[in-house]
Amino acid sequence: MSVLIIYDGWQSQKLLEIAGVIIGPVFAMFLGHSFAAAIARQVDVGRVLNNTKRIAIPRSEAPFLLLCVPPLAST
């Protein structure tokens, strides 16, 4: 995200392109955290997770998606 600050060509970009550059890395981080949490929970429980616990993991990691709000608000 810090590279976005020094990029000088924002004036020639469309809003959708800028949003993709901001949301893409944040979504990748969200997926990584969800995957790591699922593996950790499965090791902690000692068995395969049921669907209820699988659904609860992305919900608990969803606050990471809020990291893209301030940069999007400033565009």
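Helices (runs of 4 or more DSSP H) wholly in the range 1-63 with at least 1 residues that are of a type outside the set (A, V, I, L, M, F, W, C) and either at pLDDT 95 or above or surrounded by 13 or more Cβ atoms within 10 Å (Cβ to Cβ) (or both) - which ones?
By residue number, 15-45, 51-61.
If you scan the range 17-40, which residues turn out to be of a type outside the set (A, V, I, L, M, F, W, C) and within 17 Å of Pro63 (Cβ to Cβ)?
Pro25, Gly32, His33, Ser34
The values are calculated or read from the model by the stated rules, or taken from the named source; none is laboratory data. What you see is a predicted model; the values in this text were computed from it and never measured. Every residue, glycine among them, receives a Cβ derived from its backbone with ideal geometry; neighbour counts consider all protein chains shown.
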